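One structure is given here, and the rest of the page talks about it.
Please treat every number below as a calculation from the coordinates, not as lab data. Treat the numbers as computed from the prediction; the structure is a model and nothing was measured. In this analysis, Cβ positions are derived from the backbone assuming ideal geometry, glycine residues included, and neighbour counts consider all displayed protein chains.
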Amino acid sequence: MSADLVPDDLWERVAPLLPGRPVRRLRYPGRLPVDDRAALRAIVYVLCKGVSWRDVPTGQLGCSGVTAWRRLRDWTEAGVWPRIHQVLLTELRAAGLLDMDDAAIDASHVRALKGGRSRTGIKAPSTIHNRSTSATGRRAQHL
């Protein structure tokens with residue numbers, strides 16, 4: 001199972017883009033850090049299976065869910081994911097395997113704070129000042 005999540009060819013592309021690990025202290029070095037590939041394997045497992053971080057099978061993947069989450073956080077802060085995305089997209093384009101005819105853009109998570117414009121170009125009216133009558137006949141109170 002774990003070999004399929006991060007194949008060798010993917011790892012060869014991703015490994016150079018990951019930030020280096022800090023050098024361990026000589027005195028009181030602490031625990032050995034988990035291998036980056038094992039952490040990536042656990043991250044991919046969570047993304048593919050849709051399980052929570054606590055449900056990561058540590059024995060099979062070589063990394064606990066908490067460690068994988070921390071590594072994901074660190075890599076996100078270091079800007080690793082946009083670099084990986086760019087490298088993989090460039091390779092797909094060069095190989096002719098990227099078909100943009102099937103691309104979809106979803107902006108449903110973007111809020112329109114000040115309303116939007118209709119197809120005619122007229123600004124849509126805001127509904128925040130409109131008070132509606134509730135089911136009990138009283139006017140709805142806005143906070």
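Suppose R0 equals 22 Å. What FRET efficiency, 1/(1 + (r/R0)^6) with r the Cβ-Cβ distance, do ASP99 and ASP4 give to the nearest 0.05? Before the final figure, lay out each step's value.
Details: r = 24 Å, r/R0 = 1.11.
Using R0 = 22 Å, I get an efficiency of 0.35.
Using 0.36 nm per residue, how much length does the chain from ASP106 to LEU89 gain when fully extended, once their Cα-Cα distance is taken away? Please list the in-between numbers first.
Values: separation 17, 0.36 × 17 = 6.12 nm, distance 1.86 nm.
Full extension of this stretch gives 4.3 nm more.
In the P(r) worked out for the range 30-109, what percent of Cα pairs fall beyond 21 Å?
Numbers: 1445 of 3160 pairs.
That fraction is 46 percent.
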First select every other residue whose beta carbon is under 13 angstrom from the beta carbon of PRO33; then total the charges, Lys and Arg +1, Asp and Glu -1.
+4
